[in-house]
1. Do any helices (runs of 4 or more DSSP H) lying entirely in region 187-299 carry at least 3 residues that are within 16 Å of ligand 2 (Cβ to nearest atom) and either touching a Ser or Thr at 6+ places or on another chain (Cβ under 8 Å) or modelled with pLDDT under 95 (or both), and which ones are they?
2. Which one of the conditions (1) in contact (Cβ under 8 Å) with a residue 60 or more places away in the chain; (2) open to solvent by 20 Å² or more (accessible area, probe 1.4 Å) does T202 fail to meet, given that it meets all the rest?
3. Which of the residues spanning region 22-43 are free of Cβ contacts under 8 Å to residues at least 40 places away in the same chain and either assigned to a helix (DSSP H, G or I) or open to solvent by less than 10 Å² (accessible area, probe 1.4 Å) (or both)?
4. Please go through region 65-85 and give me each residue that is in a loop (DSSP other than H, G, I, E, B) and within 14 Å of ligand 2 (Cβ to nearest atom), ordered by number.
5. So, in region 113-158, how many residues would count as being aromatic (F, W, Y) and assigned to a helix (DSSP H, G or I)?
6. Considering region 78-113 alone, what residues qualify as being farther than 25 Å from L262 by Cβ, open to solvent by 40 Å² or more (accessible area, probe 1.4 Å) and of a type in the set (S, T, N, Q)?
7. Hey, any hits in region 3-13 for a residue that's assigned to a strand (DSSP E or B), in contact with a Phe, Trp or Tyr (Cβ under 6 Å, 6 or more places away or on another chain), away from ligand 1 (no atom under 14 Å from the Cβ) and open to solvent by less than 20 Å² (accessible area, probe 1.4 Å)?
8. Suppose we filter region 44-77 for residues that are at pLDDT 95 or above, closer than 13 Å to V11 by Cα and either open to solvent by 60 Å² or more (accessible area, probe 1.4 Å) or among the polar types (S, T, N, Q) (or both); how many remain?
Amino acid sequence: MKLVIDTDPGVDDAMAITFAALHPDIELLGLTTVFGNVTASQGTHNALYLSERLGLDIPVAEGANVPRVLPPFEPSAHVHGPEGFGNLKVPAPKGKAIAETAAEFLCRVARENPGQIVLCPVGPMTNVADAIDLDPDFAKNLKSIVFMGGTLDRQGNVTPFAEANTWHDPHALDVVLQSGANITMVGLDVTMKLILMAEDFTKMAEINSVHGGFLRDISHFYLKFYKTVGEAGCGFHDPMTIIAALHPELFKTDSTPLGVVLDGEEIGRTYRTEGRPAVNVCVDLDVEGVKAEFMEALAR
Ligand code: BDR
Ligand code: CA
């Protein structure tokens, strides 16, 4: 699977990137960064750092630092830590972002690999909407978009209605949902059905001391945040999205046109609608199968 991850790294983003880097069936062609858990420039720093420590030689392209219509947000430091990796302060990466913007890179890589690229946005959708604006063939050139965000039948995680990624840039998501791309949504309906506890991170470190050990070290802050909102452990959001792209057979989906609320109290809420292209919404999963897939990649 030829993959590009659009990301705001971020603790669970780091898990997603680690999984993609270690999996033999994934060819990771690049990372694009966006605001959200951190600023876009901190995200670029983190993405470069992760690719270097994972031994990847791939482009990192920096993208949007603000949403398309809404005013700028403060990064979600209370969830992911001041620099995105819990309490860890990682060293400066050796590499730099490429000169192309995230949207330019996304358009180029899709054009050069027509019908082959799976794009996994695991942050706000701003860069993807920008790419759609930049190249009318962008959505058509992709194989699919499998995104982390939204929730249908479960309450939100930033407001009672909205999940964080869709809340951060609903206007961008609205553009993407109408683009005609082949889209799968991996939202809170499924990502909160797999809750990782501190013991799971300990196990990751036992399986793979270098990469699993890093994930354990950055997880403490994230797990503490989840405790403050009454959860025993953290959701498996971003890594599940990559697994859904690679192993759709582990998920049950519902095909429905989707809308997103653009203003008011329910802003960012995703809902079933009509009159738009259908999206495959993940509604259930093989929890043990998904978890095993992640652990097996770490063990390789
Ligand atoms: C999503 O929001 C971010 O905090 C996480 O990285 C994930 O992409 C979960 O709602
Ligand atoms: Ca994320």
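The values are calculated or read from the model by the stated rules, or taken from the named source; none is laboratory data. Small disclaimer: the values here were computed from a predicted structure and weren't measured. Cβ: placed from backbone, ideal geometry, glycine included. Neighbour counts: every protein chain shown. Only protein heavy atoms, including side chains, enter the accessible area calculation; ligands, DNA and RNA are left aside. Shrake-Rupley method; radii C 1.70, N 1.55, O 1.52, S 1.80 Å.
1. On the way: elements: 188-191, 198-207, 211-228, 237-246, 287-299.
Output list reads 237-246.
2. Only one criterion is unmet by T202, namely (1).
3. L31, A40, S41
4. Taking region 65-85 first, the residues in a loop (DSSP other than H, G, I, E, B) are 65-76, 81-85.
Scanning region 65-85 gives F73, P75, S76, G81, G84, F85.
5. 1
6. Result: N87, single match.
7. Restricting attention to region 3-13, the residues satisfying the condition of being assigned to a strand (DSSP E or B) are 3-7.
If we keep only those that are in contact with a Phe, Trp or Tyr (Cβ under 6 Å, 6 or more places away or on another chain) too, we end up with none.
No.
8. 1
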